[in-house]
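*Asks:* Could you have a look at this structure, given as structure tokens, before my questions?
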Amino acid sequence: MPASLRPWYLPLGLSLLVTLLALGGSELATQLRFDRAALGQGQWWRLFSAHLVHLGGSHTALNVAGLALIWGLVGGAFDERQWLGIMAGLMLGISLGLWLFNPQLGWYVGLSGVLHGMLAAGALAQLRRGERQAMVLLLLVGAKLVWEQLSGPLPGSEATAGGAVIVDAHLYGGIIGLLPGALLRPATPASAT
């Protein structure tokens, strides 16, 4: 890959991974999704893998497009190692949130909770580094999360995704994302990814 794409290696790699997993179809997604019964039997990898599989092609495309948009907005807030740690922490945290606070939820798939967390983390880091426009991103993601908690998914989002939208995953991601945004040292613009 050209050196000009280096800042995009991480989101491109993640996009490729979720796209390849989508090609495995619903059978593979069933083996990797957050599944309460399977987790109860010790299949702990699902705490992470659930965020890499989707309901179908449109859900995958929606999340890949969201990743590209979020990366374009806040990808430079942290270096690649920090982002890998943030994403892993978001996956684990969201899954544990669903396990603990949504006992009625049998299964879950998708990257959208992680994306909400990435946006919150990156925007807060940018704000800490003096980029005042990042406050707009924080306010927008906060308003979306409040809307979803009060009114449910955004109109049309379930039809676009091809199934139910678990808005609590977005909420958990947004809240958890504030932690690295507040605690990790942001990348300087010169060393940003």
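The values are calculated or read from the model by the stated rules, or taken from the named source; none is laboratory data. The model shown is predicted, which means the values in this text are computed figures rather than measured ones. Here the Cβ is made from the backbone with ideal geometry for all residues, glycine too, and neighbour counts use every protein chain on show.
*Asks:* In the range 1-40, what residues are more than 17 Å from residue 54 (Cα to Cα), more than 15 Å from the chain's Cα centre (by Cα) and assigned to a helix (DSSP H, G or I)?
*Replies:* Scanning the range 1-40 gives 3, 4, 5, 6, 7, 8, 9, 37, 38, 39, 40.
*Asks:* Any residue in the range 38-49 that is farther than 16 Å from residue 97 by Cα sitting within a Cβ distance under 9 Å of a residue that is of a type in the set (D, E, K, R) and assigned to a helix (DSSP H, G or I)? List the pairs, counting only those 6 or more apart or interchain.
*Replies:* 38/46
*Asks:* While we're on this one: If you scan the range 159-177, which residues turn out to be within 17 Å of the chain's Cα centre (by Cα), part of a helix (DSSP H, G or I) and surrounded by fewer than 17 Cβ atoms within 10 Å (Cβ to Cβ)? Give the derivation first.
*Replies:* Within the range 159-177, the subset within 17 Å of the chain's Cα centre (by Cα) is 161, 164-177.
Still in the running and part of a helix (DSSP H, G or I): 161, 167-177.
Of everything in the range 159-177, just one residue is within 17 Å of the chain's Cα centre (by Cα), part of a helix (DSSP H, G or I) and surrounded by fewer than 17 Cβ atoms within 10 Å (Cβ to Cβ), namely 175.
*Asks:* Something else now. If I ask for residues that are of a type in the set (Gly, Ala, Ser) and surrounded by 15 or more Cβ atoms within 10 Å (Cβ to Cβ), which ones from the range 18-60 would you list?
*Replies:* Correct list: 22, 29, 38, 49, 50, 56.
*Asks:* Enumerate the pairs (first residue in the range 92-114 and surrounded by fewer than 17 Cβ atoms within 10 Å (Cβ to Cβ); second residue anywhere and at pLDDT 95 or above and among the aromatic types (Phe, Trp, Tyr)) with beta-carbon separation below 7 Å, excluding pairs fewer than 6 apart on the same chain, so at least 6 apart or on different chains.
*Replies:* Close Cβ pairs satisfying both conditions: 92/48.
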